[in-house]
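These notes are about the structure you will find just below.
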Amino acid sequence: ATREQFAAILSAALPDEALVAINHVTKIPDVNTSNPNYAAVIRLYNAGILTGTDKNTGTFQPDATITREQIAAMVTRVADPSLRETVAF
């Protein structure tokens, strides 16, 4: 699966209460707002589940194959909100 596909699945599986926003991300450099999964990716960035592949710019690499390590980090942050990351770019 791609990073974008997994983000869309994870976002759809979780209620709003599980993804309370701790960030205010409004734009991701490599995910166009017309992308059908844009809202899911932004939702996970704002909840601190996603931090991007470049913490300075927030690049997401939506078409890259997701790794087990990346899945583990995301699922861990969902399960334990104290591990969620703040981002600013």
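The values are calculated or read from the model by the stated rules, or taken from the named source; none is laboratory data. None of the values given here were measured: they were computed from a predicted structure. Positions of Cβ are generated from backbone atoms using ideal geometry, with glycine treated the same way; all protein chains shown enter the neighbour counts. Ligands, DNA and RNA are stripped out before the accessible areas are found, and what is left, the full protein with its side chains, is counted by its heavy atoms. Shrake-Rupley method; radii C 1.70, N 1.55, O 1.52, S 1.80 Å.
Restricting the range 29-43 to residues that are touching a Ser or Thr at 6+ places or on another chain (Cβ under 6 Å) and more than 20 Å from Ala18 (Cβ to Cβ) leaves a set whose member that is surrounded by the most Cβ atoms within 10 Å (Cβ to Cβ) is Asp30. Total residues in the range 44-89 satisfying the condition of being in contact (Cβ under 8 Å) with a residue 12 or more places away in the chain, touching a strand residue (DSSP E or B) at 6+ places or on another chain (Cβ under 8 Å), surrounded by 14 or more Cβ atoms within 10 Å (Cβ to Cβ) and part of a loop (DSSP other than H, G, I, E, B): the figure is 5. From the list Val20, Val25, Val41, the lone residue that is at pLDDT 95 or above, assigned to a loop (DSSP other than H, G, I, E, B) and within 13 Å of Phe60 (Cβ to Cβ) is Val25. The set of residues in the range 19-28 being touching a Ser or Thr at 6+ places or on another chain (Cβ under 9 Å), hydrophobic (A, V, I, L, M, F, W, C) and either more than 17 Å from Pro81 (Cβ to Cβ) or open to solvent by 20 Å² or more (accessible area, probe 1.4 Å) (or both) consists of Ile22, Ile28.
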